[in-house]
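Report on the structure given below.
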Amino acid sequence: MEQYGKDMEKAENVVIYGERVLFVKRVPVDLFGSPGFAYVVFDPKRYADESRKYLIAAKEDKKSDSDIDEGLKFKGKLIFIASFKVAELEIIPLYYTRQSVENIFGIMKNDLEILPLRVHSVETFRGYLLLNFIALLVRLSLQRQLDPKYTVEDVIQFPTTL
């Protein structure tokens, strides 16, 4: 992040995902002796949200200006590591898909009370995992078929806007 997270806001790094504008930079890296890629992402909206919260807390804690500047360097930035090349336009949907899946599992676990699973065999558990994996594949397939300006959530919630 120190090396590649600077100067992200350039037209060559722009990726538009739905209504979000992000900046993505792909950098070759060494993954324990194998070639790989780091995807450095800067999200200005996330930066604004994280920075606001951080600055309020930092000023209340009477942090020094240099400590505050150090803490601000990483706000709104993410790094994804992959062992294969992924198009910059696909990195963000992959991230949000993972985040969506985590949210869905959270809803299933907390609101639908699927835990404990109440399965009586390893086969049943494997079947459950397979169904969830298939649902993930369907979602990814839908996302790939959509125009990049739409998300799966947009299509499900507002199908008439297409």
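Among the residues of segment 44-54, count how many are in contact with a helix residue (DSSP H, G or I) (Cβ under 9 Å, 6 or more places away or on another chain) and either without any contact (Cβ under 8 Å) to a residue 24 or more places away in the chain or within 16 Å of Tyr95 (Cα to Cα) (or both). Selection size over segment 44-54: 1. Checking each residue in segment 40-88 for being surrounded by 13 or more Cβ atoms within 10 Å (Cβ to Cβ), aromatic (Phe, Trp, Tyr) and over 17 Å from Met8 (Cβ atoms) picks out only Tyr54.
Tyr4: over 21 Å from Pro148 (Cβ atoms) and at pLDDT below 90, yes or no? When the stated conditions are applied, Tyr4 passes them. Within segment 11-31, the residues that satisfy the criterion of being modelled with pLDDT under 90 and outside any strand (DSSP E or B) are Gly18, Glu19.
Just checking, does segment 35-44 include any residue being under 20 Å from the mean Cα position of the chain (by Cα) and assigned to a helix (DSSP H, G or I)? Looking through segment 35-44, at least one residue is under 20 Å from the mean Cα position of the chain (by Cα) and assigned to a helix (DSSP H, G or I).
Each row is one residue, and each column tells you yes or no for (1) within 24 Å of Leu146 (Cβ to Cβ); (2) touching a strand residue (DSSP E or B) at 6+ places or on another chain (Cβ under 9 Å).
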{"site": "Val27", "(1), (2)": "no, yes"}
{"site": "Val41", "(1), (2)": "yes, yes"}
{"site": "Arg46", "(1), (2)": "yes, yes"}
{"site": "Lys62", "(1), (2)": "no, no"}
{"site": "Gly71", "(1), (2)": "no, no"}
{"site": "Ile81", "(1), (2)": "no, yes"}
{"site": "Val86", "(1), (2)": "yes, yes"}
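Just one of the listed residues (Phe32, Phe84, Phe23) is farther than 19 Å from Val152 by Cβ and in contact (Cβ under 8 Å) with a residue 40 or more places away in the chain, namely Phe84. Quick check on segment 4-16. Is at least one of its residues within 30 Å of Val152 (Cα to Cα) and under 15 Å from the mean Cα position of the chain (by Cα)? Checking segment 4-16: at least one residue is within 30 Å of Val152 (Cα to Cα) and under 15 Å from the mean Cα position of the chain (by Cα).
The values are calculated or read from the model by the stated rules, or taken from the named source; none is laboratory data. Computed from a prediction, not measured in an experiment: that's the story for all the values here. Counting neighbours? That spans all protein chains shown, and the Cβs are built from the backbone with ideal geometry, glycine included.
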